[in-house]
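Have a look at the structure below, then the notes.
The values are calculated or read from the model by the stated rules, or taken from the named source; none is laboratory data. Quick caveat: nothing in here was measured; it's all calculated off a predicted structure. When we count neighbours, we look across all protein chains shown, and the Cβ atoms used for this are built from the backbone with ideal geometry, even at glycine.
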Amino acid sequence: MALIALLPGDGIGPEVITQARRVLDALDLDLTYEEAPVGGVAYHSVGHPLPEATLDVARRADALLFGAVGDPTCDSLERALRPEQAILGLRKHLSLFSNLRPATLFEGLEDASALKPDVARQIDLVIVRELNGDVYFGEKGRRTTAAGHREGYDIMSYDETEVRRIARVGFETARKRRGQLCSVDKANVLETSQLWRDVVIEVAADYPDVTLTHMYVDNAAMQLVRNPGQFDVIVTGNLFGDILSDQASMCAGSIGMLPSASLDDAGKGLYEPIHGSAPDIAGQGKANPCAAILSAAMMLRHSLGNGAAADRIEAAVAQAIRNGARTADLGGTMSTSAMGDAVLAVL
Ligand code: NAI
Ligand code: MG
């Protein structure tokens, strides 16, 4: 029996995870759950966003289902105590270095996409984002310049082993899809990116069946909107991947539709919607639970070896959308739980 660490977190996190759990329960799988606090909720109850007890559950679990963290009442805390440190800490402590973010347009969501319908229909891509390095984890701080001005800094760096292992995930992902990998960097300006590009080219030698291209991140942002159909798999660093995947979500209809998997190299994973805690709509029953439900499907496929159950969930979400189920972000009026009901009704 597999153990799932259930980490709902803050804001809309618990609202969408409740619906994901209902869907999992409906499938009658052999799963047990241990729920633990993360983020602002954990800070307010035990004084730390990632308590040792939560980390312990996370380490013991076969997979983690995560909602979101982020709490405006914590904005003035020192960085180490901010809710967002919980997700950064989990990624780092568990070596979850590879973040898979698939983006496709569900049939019927053309009108919700920010793109023209014909362009939107072409989206079928996966962003493979590196999660353990880059400017997010480099040395950071404040200092005073020679002129006496305040200065903030964050060091961006990648070592070749970090690039190599995420490049491999990119190539492996592309190999199982349409065989096209686009590596996104800023090699015209950044030394980090030049190393990135060198290493990706070295790894390409092991994947003659995959076509590798390179693109600067600014162009990639533009191309995602102009012609997303040109992309199969994008592999990129932590910062660029963060930004491009939020952008890709609007191409696919809503940030409330995109799931993600964050994996180590042994198949353990943390599964979460790509969105945050959405304090602007938290507690109002407005959040779209589809990204969380689809994250549960990814969990079944990638960590629990149950692709058939994952397929069933994904098909049920697609059918519910086809039937007209829409939360507000998709232009509809359904509540979070009504959207969950619509998926369950199909299941
Ligand atoms: P956000 O993703 O929480 O919200 C951005 C916008 O999208 C908001 O208008 C929100 O209402 C909407 N939205 C997000 N998810 C939705 C859903 N499921 N259904 C309908 N609408 C949805 O990003 P924001 O506002 O920049 O950040 C809020 C907090 O979340 C911050 O504290 C941030 O640090 C945190 N955050 C946490 C993440 C995580 O836990 N992995 C990821 C991103 C942000
Ligand atoms: Mg983000």
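See the values below:
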quantity: Condition broken by Ile234, with the remaining ones in (1) farther than 30 Å from Ala2 by Cα; (2) within 16 Å of ligand 1 (Cβ to nearest atom) satisfied; calculated: (2)
quantity: Selected residue (criterion: surrounded by the fewest Cβ atoms within 10 Å (Cβ to Cβ)) from residues of the stretch 118-141 that are over 30 Å from Asp159 (Cβ atoms) and not basic (Lys, Arg); calculated: Asp118
quantity: Selection count where residues are part of a strand (DSSP E or B) and more than 20 Å from Leu190 (Cβ to Cβ), scope the stretch 205-232; calculated: 1
quantity: The one condition in (1) loosely packed, with under 15 Cβ neighbours inside 10 Å; (2) not in a loop (DSSP other than H, G, I, E, B) that Gln85 fails to fulfil; calculated: (1)
quantity: Residue selected from the stretch 237-282 under the condition within 13 Å of ligand 2 (Cβ to nearest atom) and polar (S, T, N, Q), by the criterion nearest to Val135 (Cα to Cα); calculated: Asn238
quantity: Any hit, the stretch 235-258, residues being modelled with pLDDT of 95 or more, in a loop (DSSP other than H, G, I, E, B) and surrounded by fewer than 23 Cβ atoms within 10 Å (Cβ to Cβ); calculated: no
quantity: Qualifying positions in the stretch 266-294 - surrounded by fewer than 23 Cβ atoms within 10 Å (Cβ to Cβ) and under 30 Å from Arg168 (Cα atoms); calculated: Ala266, Gly267, Lys268, Gly276
quantity: Options Ala325, Ala316, Ala310; residue that is touching a residue at least 60 places away in the same chain (Cβ under 8 Å) and either more than 10 Å from ligand 1 (Cβ to nearest atom) or polar (S, T, N, Q) (or both); calculated: Ala316
quantity: Gly283 within 15 Å of ligand 1 (Cβ to nearest atom) and more than 16 Å from the chain's Cα centre (by Cα); calculated: yes
quantity: Ile17, sole failed condition from (1) in contact with a strand residue (DSSP E or B) (Cβ under 6 Å, 6 or more places away or on another chain); (2) within 30 Å of Thr161 (Cβ to Cβ); (3) not hydroxyl-bearing (Ser, Thr, Tyr); calculated: (2)
quantity: Residue within the stretch 107-117 that is more than 25 Å from Asp30 (Cβ to Cβ), crowded, with 19+ Cβ neighbours inside 10 Å and of a type in the set (D, E, K, R) present; calculated: no
quantity: Residue match in the stretch 299-318 (condition: within 16 Å of ligand 2 (Cβ to nearest atom) and buried (at least 23 other Cβ atoms within 10 Å of the Cβ)); calculated: no
quantity: Single unsatisfied condition, Ser295 versus (1) away from ligand 2 (no atom under 16 Å from the Cβ); (2) in the same structural domain as Thr327 (by TED's automatic domain parsing); (3) in a helix (DSSP H, G or I); calculated: (1)
quantity: Residues satisfying the stated conditions in the stretch 12-30, i.e. within 16 Å of ligand 2 (Cβ to nearest atom) and hydrophobic (A, V, I, L, M, F, W, C); calculated: Ile12, Val16
